[in-house]
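Data first, discussion second: the structure below is written as structure tokens.
The values are calculated or read from the model by the stated rules, or taken from the named source; none is laboratory data. Since we're looking at a predicted model, the values are computed, not measured. Here the Cβ is made from the backbone with ideal geometry for all residues, glycine too, and neighbour counts use every protein chain on show. The area values use the complete protein model at the heavy-atom level, side chains included, leaving out ligands, DNA and RNA. Shrake-Rupley method; radii C 1.70, N 1.55, O 1.52, S 1.80 Å.
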Amino acid sequence: MTAAIVGGLRADAMGLHVDASEVADAVTRDPIRLGGFAGIDPMSATWRDELEQAIALGRRGVGVAPAAQAVHPTHPHAMELWDLCQRRGLPVISAPLGTKVGAGPIEFARPLAWDEPARAFPKL
């Protein structure tokens, strides 16, 4: 059987936001083969509420894009998100999206930036 992840995205630094309800609408078209991941921006003031909403909507994981979100994976808000995801059993995927002026440096998207979070949250 073929399956796919329908991913949301929130990157306030770039003005991007695909709401969890839009992901939910897409997943309802084929809930057996489609799994929805919430796009969470750890730098958003409302990310905790958005994570709860996404879980309530049945999202199966979280998608981030650190360079586009202007957040290093070791930022305290990001580390709090990784901790919550690990405790709730939610996988996290990271998209290596590019940046624009005003967003974060591309170094935030490099795999080495994930070394500390990977050691701190080994079950993530």
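Kindly express, to the nearest 10 degrees and within the range 0 to 90, the angle between helix 76-88's C-alpha long axis and the longest C-alpha principal axis of the chain.
Approximately 30 degrees, to the nearest 10.
When ligands, DNA and RNA are left out and all protein chains stay put, how many square angstrom of accessible area per residue does the stretch 57-122 have with a 1.4 Å probe?
Value returned for the stretch 57-122: 52 Å² of accessible area per residue.
Calculate, in nm to one decimal, what Thr2 and Glu116 gain on full extension: separation in residues at 0.36 nm each, minus their alpha carbon distance.
37.7 nm
Using every Cα-Cα pair within the stretch 39-124, state what percent have a distance larger than 16 Å.
Result: 48 percent of Cα pairs exceed 16 Å.
Distance from a point 7 Å along Cα→Cβ of Arg33 to each backbone N in the stretch 1-19: keep the residues under 11 Å and list them by number.
1-4
Relative to the Cα centre, what is the charge dipole magnitude of the chain, using +1 at the beta carbon of each Lys and Arg, -1 at the beta carbon of each Asp and Glu, and rounding to the nearest 20 debye?
360 debye
Please arrange Arg119, Arg29, Arg110 by accessible surface area, largest first, computed with a 1.4 Å probe and ligands excluded.
Result, largest first: Arg29, Arg119, Arg110.
With every protein chain present, what is the per residue accessible area of the stretch 1-53 (1.4 Å probe, Å²)?
Here the residues of the stretch 1-53 average 53 Å² of exposed surface.
For Val71, what is the net charge nearby, where nearby means another residue's Cβ is under 14 Å from its Cβ and Lys, Arg count +1, Asp, Glu -1?
Residues close to Val71 contribute a combined charge of -3.
Using a 1.4 angstrom probe on heavy atoms only, work out the carbon and sulfur share of the accessible area of the chain in %.
The value for the chain is 57 percent carbon and sulfur by accessible area.
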